[in-house]
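The values are calculated or read from the model by the stated rules, or taken from the named source; none is laboratory data. What you see is a predicted model; the values in this text were computed from it and never measured. Here the Cβ positions follow ideal geometry from the backbone for every residue, glycine too, while neighbour counts run over all protein chains shown. These area figures cover heavy atoms from the full protein model, side chains too; ligands, DNA and RNA do not enter into them. Shrake-Rupley method; radii C 1.70, N 1.55, O 1.52, S 1.80 Å.
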Amino acid sequence: MTGPRPAPDALRELDVRVLLLVAANSRTHHPGQVAARAAAVLPRVEAEVLPDVSHHALPQAAPPALAGRLTGFLSGA
């Protein structure tokens, strides 16, 4: 994320479902820490670390379960 980050208090007030998919093979951040920090400030977050994929390759090389995960989230399942 670049630019100013949202204030943690503002994130805590969000009343929407959030799906956070984090690529496990990152050289810039620790995926588990990203998911944990999101869970600490976003009350309705569903955070998941996707194994064997990098941030840049996520759209093309995502695990087969990714489409199902996105569809389930967007359909409210």
Could you say whether any residue in region 50-69 is within 17 Å of R17 (Cβ to Cβ), free of Cβ contacts under 8 Å to residues at least 24 places away in the same chain and exposed (fewer than 12 other Cβ atoms within 10 Å of the Cβ)?
-> yes
Which one of S54, S75 is among the polar types (S, T, N, Q) and in contact with a strand residue (DSSP E or B) (Cβ under 9 Å, 6 or more places away or on another chain)?
-> S54
Tally the residues that are assigned to a helix (DSSP H, G or I) and under 14 Å from the mean Cα position of the chain (by Cα), restricting the search to region 45-73.
-> 6
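For every residue, the table says whether it meets (1) open to solvent by 80 Å² or more (accessible area, probe 1.4 Å); (2) among the hydroxyl-bearing types (S, T, Y); (3) part of a loop (DSSP other than H, G, I, E, B); (4) within 20 Å of G72 (Cβ to Cβ).
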{"residue": "A10", "(1), (2), (3), (4)": "no, no, no, no"}
{"residue": "L19", "(1), (2), (3), (4)": "no, no, no, yes"}
{"residue": "V22", "(1), (2), (3), (4)": "no, no, no, yes"}
{"residue": "N25", "(1), (2), (3), (4)": "yes, no, yes, no"}
{"residue": "A35", "(1), (2), (3), (4)": "no, no, no, yes"}
{"residue": "A40", "(1), (2), (3), (4)": "no, no, no, no"}
